[in-house]
1. For THR317, are the conditions met, namely being within 12 Å of the ligand (Cβ to nearest atom), among the β-branched types (Val, Ile, Thr) and in contact with a helix residue (DSSP H, G or I) (Cβ under 9 Å, 6 or more places away or on another chain)?
2. With the condition kept exactly as written, say whether any residue in the range 141-158 is part of a loop (DSSP other than H, G, I, E, B), out of contact with any Ser or Thr (no Cβ under 8 Å at 6 or more places or on another chain) and either within 16 Å of SER9 (Cα to Cα) or among the aliphatic types (A, V, I, L, M) (or both).
3. Do any strands (runs of 3 or more DSSP E) lying entirely in the range 34-122 carry at least 3 residues that are of a type in the set (D, E, K, R), under 18 Å from the mean Cα position of the chain (by Cα) and modelled with pLDDT of 95 or more, and which ones are they?
4. Give me a count of the residues in the range 100-114 that are crowded, with 17+ Cβ neighbours inside 10 Å and either out of contact with any Phe, Trp or Tyr (no Cβ under 6 Å at 6 or more places or on another chain) or free of Cβ contacts under 8 Å to residues at least 12 places away in the same chain (or both).
5. Find all pairs meeting these conditions: Cβ atoms under 6 angstrom apart; at least six residues apart or on different chains; first residue within the range 285-299 and on the phi < 0 side of the Ramachandran plot; second residue assigned to a loop (DSSP other than H, G, I, E, B) and away from the ligand (no atom under 13 Å from the Cβ).
6. Considering only the range 101-116, state which residues are under 18 Å from HIS140 (Cα atoms), of a type outside the set (A, V, I, L, M, F, W, C) and in contact with a strand residue (DSSP E or B) (Cβ under 7 Å, 6 or more places away or on another chain).
7. Scan the range 18-30 and report the pairs whose first residue is surrounded by fewer than 23 Cβ atoms within 10 Å (Cβ to Cβ) and whose second residue is assigned to a helix (DSSP H, G or I), with Cβ atoms within less than 6 Å and a gap of 6+ or a chain change.
8. More than 28 Å from ASN304 (Cα to Cα), charged (D, E, K, R), in contact with a His (Cβ under 9 Å, 6 or more places away or on another chain) and buried (at least 16 other Cβ atoms within 10 Å of the Cβ), is that true of ARG86?
Amino acid sequence: MEYRELGTSGVKVSVVTFGAWAIGGWMWGGQDEEQAIRALQTAMELGITTIDTAAVYGFGASEELVAKAVGKNRDRVQILTKYGLRWDRPGEGTLRFDTTDNEGRPLQVMRNSRPDSVIEECERSLRRLRTDHIDLYQCHWPDPTTPIAETMGAVEMLIRQGKVRAAGVSNYTTAQMAEAHAVVPLAASQPPFSMVNRAAEKDILPWCIEHKVAVIPYSPLQRGLLTGKITPGYQFGPGDHRASNPFFKPDNIRKVNALLDELRPIAAAHKATLAQLVIQWTIRRPGITSALVGARNERQATENAGALNFALDAEETARIDELLDGLTLDL
Ligand SMILES: NC(=O)c1ccc[n+]([C@@H]2O[C@H](COP(=O)([O-])OP(=O)(O)OC[C@H]3O[C@@H](n4cnc5c(N)ncnc54)[C@H](OP(=O)(O)O)[C@@H]3O)[C@@H](O)[C@H]2O)c1
């Protein structure tokens with residue numbers, strides 16, 4: 001495994017971070033707790049020291065699972081979590097979406113990054129994570145009704161109190177990042193980014209490189225699509241959000257699989273799987289610090305950690321980039 005610093009924060013992370021959204025069950029059709037804990041512990045055994053979660057993942061369930069899996073190894077891992085999406089303060093903030101909890105009860109997720117809410121969320125996350133500090137505390141989605149300076153003022157206070165080591169943001173534009181960075185030095189930005197979703201290359205990545213802010217992209221496997229296992233007609237289980245996600249429209253699945261057919265020989269030359277090739281490509285992109293990769297079981301965690309066992313040469317990388325430049329999806 002390789003380790004890199006989040007900006008200039010002093011927080012060192014593994015270049016593959018364990019993404020703990022799916023193991024919270026919510027929007028992924030549920031999750032078996034024992035398998036989730038094995039997935040996390042396997043990742044840690046293989047050198048993945050960094051875990052990305054959020055209060056809203058499984059409405060607290062993901063953070064609690066992380067605490068269970070980490071157990072006595074807290075000092076050996078970096079826990080990145082998020083605030084700003086609340087399900088437990090109905091009617092306050094801006095509606096993000098209507099959803100159901102893991103038991104199927106309807107609820108509304110609200111964007112809320114008011115300072116008092118951030119402080120309350122931090123206490124709750126610390127309790128669920130059974131820790132006294134969060135290594136990176138990230139705003140999950142911008143809250144248009146709260147001035148960014150006020151939100152970041154609260155985070156700055158949490159840093160001074162030692163409850164948070166570094167500040168991060170997710171789904172922020174460059175203008176929003178600049179506003180935040182003026183109040184508290186940002187250690188990391190978390191945008192969506194994958195071989196087939198490269199919008200962040202236009203502005204987020206250049207801005208972060210210029211300002212020495214780490215980029216820790218989410219969904220680098222495009223939620224499983226880039227592993228090659230999803231073919232037209234694939235049936236997602238009940239409650240799995242991918243059934244209505246535009247990347248999984250039949251025509252996009254067909255186009256992505258045609259791309260993957262071209263990538264297979266490159267992966268095979270390194271005795272690597274497609275998932276490993278995709279992760280290796282992602283962590284070598286200029287400006288990328290660590291790829292946040294979700295895994296639901298021990299097998300996936302082992303495979304994903306294996307992405308560090310080989311390297312792509314310049315010719316292979318150029319060939320991959322050429323193939324990607326020729327791809328247009330209907331989103
Ligand atoms: N800030 C945000 O708004 C935001 C949004 C999304 C994600 N994130 C973060 O980023 C992390 C990763 O993103 P993601 O979970 O959306 O997508 P991802 O990492 O692209 O895909 C993860 C999913 O792909 C499948 N998978 C993973 N490894 C596999 C393998 N080796 N072989 C076959 N299938 C495999 C698993 O689902 P199945 O087995 O069910 O197919 C897994 O849940 C999240 O866990 C979360 O921490 C943040």
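The values are calculated or read from the model by the stated rules, or taken from the named source; none is laboratory data. Treat the numbers as computed from the prediction; the structure is a model and nothing was measured. Every residue, glycine among them, receives a Cβ derived from its backbone with ideal geometry; neighbour counts consider all protein chains shown.
1. no
2. No, the range 141-158 contains no residue that is part of a loop (DSSP other than H, G, I, E, B), out of contact with any Ser or Thr (no Cβ under 8 Å at 6 or more places or on another chain) and either within 16 Å of SER9 (Cα to Cα) or among the aliphatic types (A, V, I, L, M) (or both).
3. Of the strands (runs of 3 or more DSSP E) lying wholly inside the range 34-122, none has at least 3 residues that are of a type in the set (D, E, K, R), under 18 Å from the mean Cα position of the chain (by Cα) and modelled with pLDDT of 95 or more.
4. So the answer is 4.
5. Hits for this filter: SER290/VAL15.
6. If the condition is that a residue be under 18 Å from HIS140 (Cα atoms), of a type outside the set (A, V, I, L, M, F, W, C) and in contact with a strand residue (DSSP E or B) (Cβ under 7 Å, 6 or more places away or on another chain), then GLN108, ARG111, ASN112, SER113 are the ones that fit.
7. So the pair list comes out as MET27/HIS241; TRP28/ALA22.
8. So ARG86 does not fit the description; no.
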